[in-house]
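See structure below.
The values are calculated or read from the model by the stated rules, or taken from the named source; none is laboratory data. What you see is a predicted model; the values in this text were computed from it and never measured. For neighbour counting, all protein chains shown are included, and Cβ atoms are generated from backbone atoms with ideal geometry for every residue, glycine included. Ligands, DNA and RNA are excluded from the accessible area calculation, which covers all protein heavy atoms including side chains. Shrake-Rupley method; radii C 1.70, N 1.55, O 1.52, S 1.80 Å.
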Amino acid sequence: MEPPLLDENERNLFSNPAADPRKMRRIIAEDPEWSLATVPRLIDICIKHIVQNFAENPLLDELKPKHKDKVLEALATDLPLKITAPLVCDEGYWKRCCKARWAVCDTDQYGNSWKRMFFERNMEDLIENFVPESTEINEITETLELSKDFIKRLRIKQLLPQIRDVSTTTPAEEEISDQGSDTGTDDSLDHFDFGLIINKLPKLSELSITYGVRNCGMNFEWSLFEFTQKDCSLLAKAVKSCPHLQILRLQRCQIEDEKARLIISHLLDHPNLRVLDLSHNRVGDKTGRAVGKTTFSKQRAGGSYSLRQQH
């Protein structure tokens, strides 16, 4: 009797057993998604658990260095500062935090410290977006307590004025306000009080402020760019209360002689101020004479001041 004829696929299976995947598997599982992948290591499971619950139970210093590095690499960048500020010193983590918030990051301007960059720029953002009598000050004060040991310089590029109450404004007052906006004689609107923070920053050595609003567009009003008498008085007292301040820059603030002289009068006996920059303002000879009387320009070696580009 002749053997039954085999088709081509059956002949391949007899000649090459490896062609049959079922014969090559060590285990034939009923679950088609079953695989031989190994179970995660216990240490990896623990690290994952620590990362996922870090906000509720921060655990870092108790870990071994190699495990600590893995936790820091996996931590989220949006964790509350009250948890990460006192606990995390790793520059790699703060680098990720900075790049997650800002497109341009240059640590050369921050002593090559990512952590310092984060805290300085974070505080600058809070101040620049603060609206007097509208924004709660609690967020700034809480952040200040966590940031005070890392802030050495603040560069404030805008300050928002308080919001005018239009609910009680009459049509006649609105017309006068519109005219004032065109002529630059609008009602004064005060800005952020630096006295709330400056004396609480023990390492602050440089302060740069511009009283104005960026990108205001069609909402332009002269009052948005006015350095009011109250602003001047509050800032002068704040600077006087900061004996470790070395550099003060007030550029493009529409400062006039009277206000400049008030600020300078509070700096006469300042122990450490070396640089006073009032460039791009409206000061004249009276301010120049006042500057000449300050102790930092007369007696302190290396002291300097700038009054260039006055209008």
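Looking only at region 119-137, which residues are outside any loop (DSSP other than H, G, I, E, B), under 20 Å from ASP78 (Cα atoms) and over 8 Å from the mean Cα position of the chain (by Cα)?
Across region 119-137, the qualifying residue is only ILE127.
Could you tell me which numbered condition ASP186 fails, if it satisfies all but one of (1) at pLDDT below 95; (2) in a helix (DSSP H, G or I)?
Single failed check for ASP186: (2).
Can you name every one of the helices (runs of 4 or more DSSP H) wholly within region 1-72 that holds 2 or more residues which are closer than 30 Å to ALA85 by Cα and at pLDDT 95 or above?
The helices (runs of 4 or more DSSP H) meeting that bar are 42-52.
Check every one of the helices (runs of 4 or more DSSP H) wholly within region 206-311 and list those with 3 or more residues that are at pLDDT 85 or above, under 26 Å from LEU126 (Cα atoms) and within 26 Å of the chain's Cα centre (by Cα).
Hits in region 206-311: 229-240.
Does region 196-246 hold any residues that are among the small types (Gly, Ala, Ser) and under 23 Å from ARG282 (Cα atoms), and which are they?
Listed by number, the residues that qualify are SER208, GLY212, SER223, SER233, ALA236, ALA238.
Out of all the residues in region 225-261, which are in contact (Cβ under 8 Å) with a residue 40 or more places away in the chain and open to solvent by less than 30 Å² (accessible area, probe 1.4 Å)?
THR228, ASP231, LEU235, ALA238, VAL239, CYS242, LEU245, ILE247, LEU248, LEU250, CYS253
Would region 95-108 turn up any residue that is over 30 Å from ARG155 (Cβ atoms) and exposed (fewer than 12 other Cβ atoms within 10 Å of the Cβ)?
no
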